[in-house]
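One structure is given below, encoded as structure tokens.
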């Protein structure tokens with residue numbers, strides 16, 4: 001599993017995502033007590049979630065004097081190398097926005113997803129296959145590309161949004177199919193034909209496209 005997918009899966013848990021977003025928004029070191037007060041959870045639960053974020057290299061841990069006798073206090077902040085990838089405009093946050101739009105409109109998940117990628121940057125020098133690969137990779141799907149004449153299959157790794165996709169697979173998967181369609185339309189010379197969905201926790205979903 002790539003570091004990108006490890007990070008995406010770590011942020012797939014709503015509580016860990018909330019902790020990470022709190023650290024992003026405050027741009028300073030935060031201790032367990034502050035996170036406990038903010039989220040209303042037991043400090044042991046907060047520590048377990050922080051450990052997962054540390055393992056995924058999404059945050060960094062350091063110590064500061066505690067203002068009295070005893071051991072220094074542990075504090076946490078966002079790893080600077082991940083802020084731009086998983087900050088306020090990261091994939092998990094984007095999915096939240098898309099689900100909100102879906103709940104408040106009559107538009108289909110595919111159309112919402114297709115419109116969502118209308119403004120995504122695409123390198124004009126890259127091929128359509130590379131553009132779709134870059135999109136799927138940045139979203140955390142860790143795709144393997146198989147090309148057979150004019151057919152291109154993107155075999156996806158375990159879904160970084162598995163917890164949400166397991167509850168509403170048709171909605172979440174159709175949103176991502178629409179997003180891929182939007183990228184394909186802008187890249188040109190490639191068409192999304194199908195998304196075969198399997199267990200999101202196991203991976204192996206296949207996005208089938210046709211060149212030309």
For region 192-212, enumerate the residues that are surrounded by fewer than 22 Cβ atoms within 10 Å (Cβ to Cβ), touching a helix residue (DSSP H, G or I) at 6+ places or on another chain (Cβ under 6 Å) and without any contact (Cβ under 8 Å) to a residue 24 or more places away in the chain. 195
Flagged in region 150-178 as in contact (Cβ under 8 Å) with a residue 24 or more places away in the chain, farther than 15 Å from residue 91 by Cα and surrounded by fewer than 20 Cβ atoms within 10 Å (Cβ to Cβ), in numbering order, are 150, 151, 153, 155, 166, 169, 170, 171
For residues that are in a helix (DSSP H, G or I) and under 15 Å from the mean Cα position of the chain (by Cα), scanning just region 20-60, find the one that is modelled with the lowest pLDDT. 21
Expected single match for within 21 Å of residue 98 (Cα to Cα) and surrounded by fewer than 17 Cβ atoms within 10 Å (Cβ to Cβ) among 138, 127 is 138
Meets criteria (part of a helix (DSSP H, G or I), over 15 Å from the mean Cα position of the chain (by Cα), farther than 24 Å from residue 6 by Cα and not assigned by TED's automatic domain parsing to the domain that holds residue 17) for residue 147: no
Restricting attention to region 1-17, the residues that are surrounded by fewer than 17 Cβ atoms within 10 Å (Cβ to Cβ), in a helix (DSSP H, G or I) and at pLDDT below 90 number exactly 2
Checked against (1) modelled with pLDDT under 90; (2) under 26 Å from the mean Cα position of the chain (by Cα); (3) more than 15 Å from residue 24 (Cβ to Cβ), residue 67 satisfies every condition except (2)
Taking region 151-172, which residues are at pLDDT 95 or above and over 14 Å from residue 202 (Cα atoms)? 151, 152, 153, 154
Can you tell me how many residues in region 78-120 are within 20 Å of residue 21 (Cα to Cα) and either in a helix (DSSP H, G or I) or at pLDDT 90 or above (or both)? 17
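The values are calculated or read from the model by the stated rules, or taken from the named source; none is laboratory data. Since this is a predicted model, take the numbers as computed values, not measurements. Here the Cβ is made from the backbone with ideal geometry for all residues, glycine too, and neighbour counts use every protein chain on show.
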